[in-house]
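Asks: Below you'll find the structure I mean.
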Amino acid sequence: IKYVLRRCLPYWLRYPTLFQFWAPTMTMEGRSYLTTQNQPFALSTFDIRIDDVKGFCGYRMISKDYKFYMDRESSDEQLGVPGRVFKHGFPEFRSNIEYYSIKEYPLRDHALRCQVKLSSAIPLFDLSTHLCVGVLEIVSTTPSTEYPSFLDPDWGNFHNYWKVGPPTHKLAFFF
């Protein structure tokens, strides 16, 4: 995951962007959920405003303490964006998070207070098992009109970007 984050950063240096990995884990009672706690994250900081840094720090702190439950006992509302992406294996992109309902994006109001505008979530798969191993969330305070074109829903060859890695790299992004 750290390799993927290092690979992403050069493409986003001009845009204030937070990357965080949502990984599956289990409670003592056997319930499964996604969390960013103790997971890698990265922040692009080139020419970033102090308000963006404060916003990203706030969003990261809220995310770190949040759990998206994703077992049989969980309702669709409890999945949130990372849970839906993990469960269904499809990326999700929203150019303006204001268009999400609270049920679709439980962290929406927190994100808006932190000045987050864009949200993208990408499932990462283990190449050997083809199972989703987690979700890379990408959020930005940049308006969608200024954001890289390869992050729009058509994504073109963006998926090839995730398939390349060192010989020990076993993660992929599938379309």
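The values are calculated or read from the model by the stated rules, or taken from the named source; none is laboratory data. Note that the coordinates shown come from a computational prediction; the quantities given were computed from them, not determined experimentally. Here the Cβ positions follow ideal geometry from the backbone for every residue, glycine too, while neighbour counts run over all protein chains shown. Surface areas here come from the heavy atoms of the whole protein model, side chains and all, with no ligands, DNA or RNA. Shrake-Rupley method; radii C 1.70, N 1.55, O 1.52, S 1.80 Å.
Asks: Hey, among P143, P153, P167, which residue is loosely packed, with under 14 Cβ neighbours inside 10 Å, within 15 Å of the chain's Cα centre (by Cα) and modelled with pLDDT under 90?
Replies: Working: P143 fails: within 15 Å of the chain's Cα centre (by Cα); P167 fails: within 15 Å of the chain's Cα centre (by Cα).
When all the criteria are applied, what remains is P153.
Asks: Can I ask one more? Of the numbered conditions (1) within 17 Å of I122 (Cα to Cα); (2) at pLDDT 80 or above, V4 satisfies every one except a single condition; which is it?
Replies: All conditions pass for V4, except number (2).
Asks: Another question, then. Can you pull out the residues in region 67-83 that are at pLDDT below 90, surrounded by 12 or more Cβ atoms within 10 Å (Cβ to Cβ) and not acidic (D, E)?
Replies: Pass one, region 67-83, residues at pLDDT below 90: 67-80.
Going one step further and asking which of them are surrounded by 12 or more Cβ atoms within 10 Å (Cβ to Cβ), we end up with 67-71, 74, 77-80.
Of everything in region 67-83, those that are at pLDDT below 90, surrounded by 12 or more Cβ atoms within 10 Å (Cβ to Cβ) and not acidic (D, E) turn out to be K67, F68, Y69, M70, S74, Q78, L79, G80.
Asks: Right, another one. Given the conditions (1) open to solvent by 30 Å² or more (accessible area, probe 1.4 Å); (2) assigned to a strand (DSSP E or B), which single one is not true for G134?
Replies: G134 satisfies every listed condition except (1).
Asks: Something else: Checking D109 against (1) under 23 Å from P16 (Cβ atoms); (2) without any contact (Cβ under 8 Å) to a residue 60 or more places away in the chain; (3) touching a helix residue (DSSP H, G or I) at 6+ places or on another chain (Cβ under 9 Å), which single condition isn't satisfied?
Replies: Here D109 meets the rest and fails (3).
Asks: Something else: Take the residues of region 8-25 that are surrounded by fewer than 18 Cβ atoms within 10 Å (Cβ to Cβ) and over 15 Å from the mean Cα position of the chain (by Cα): which is modelled with the highest pLDDT?
Replies: Looking at residues that are surrounded by fewer than 18 Cβ atoms within 10 Å (Cβ to Cβ) and over 15 Å from the mean Cα position of the chain (by Cα), I get T25.
Asks: Name, by its number, the condition in (1) in a loop (DSSP other than H, G, I, E, B); (2) open to solvent by less than 40 Å² (accessible area, probe 1.4 Å); (3) not aromatic (F, W, Y) that does not hold for I102.
Replies: (2)
Asks: Can you tell me which condition H110 does not meet? The list is (1) touching a Phe, Trp or Tyr at 6+ places or on another chain (Cβ under 9 Å); (2) modelled with pLDDT under 90; (3) open to solvent by 60 Å² or more (accessible area, probe 1.4 Å); (4) not charged (D, E, K, R), and all the others hold.
Replies: So the condition that H110 fails would be (2).
Asks: Return the total of residues in region 13-31 being over 17 Å from V81 (Cβ atoms) and out of contact with any Lys or Arg (no Cβ under 8 Å at 6 or more places or on another chain). Give the derivation first.
Replies: Pass one, region 13-31, residues over 17 Å from V81 (Cβ atoms): 13-16, 25-31.
So of that shortlist, the ones also out of contact with any Lys or Arg (no Cβ under 8 Å at 6 or more places or on another chain) come out as 13-15, 25-31.
Residues that pass the stated criteria total 10.
Asks: Still on this model: If L127 meets every condition in (1) open to solvent by less than 50 Å² (accessible area, probe 1.4 Å); (2) in contact (Cβ under 8 Å) with a residue 40 or more places away in the chain apart from one, which number is that one?
Replies: Looking at each condition in turn, L127 falls short on (1).
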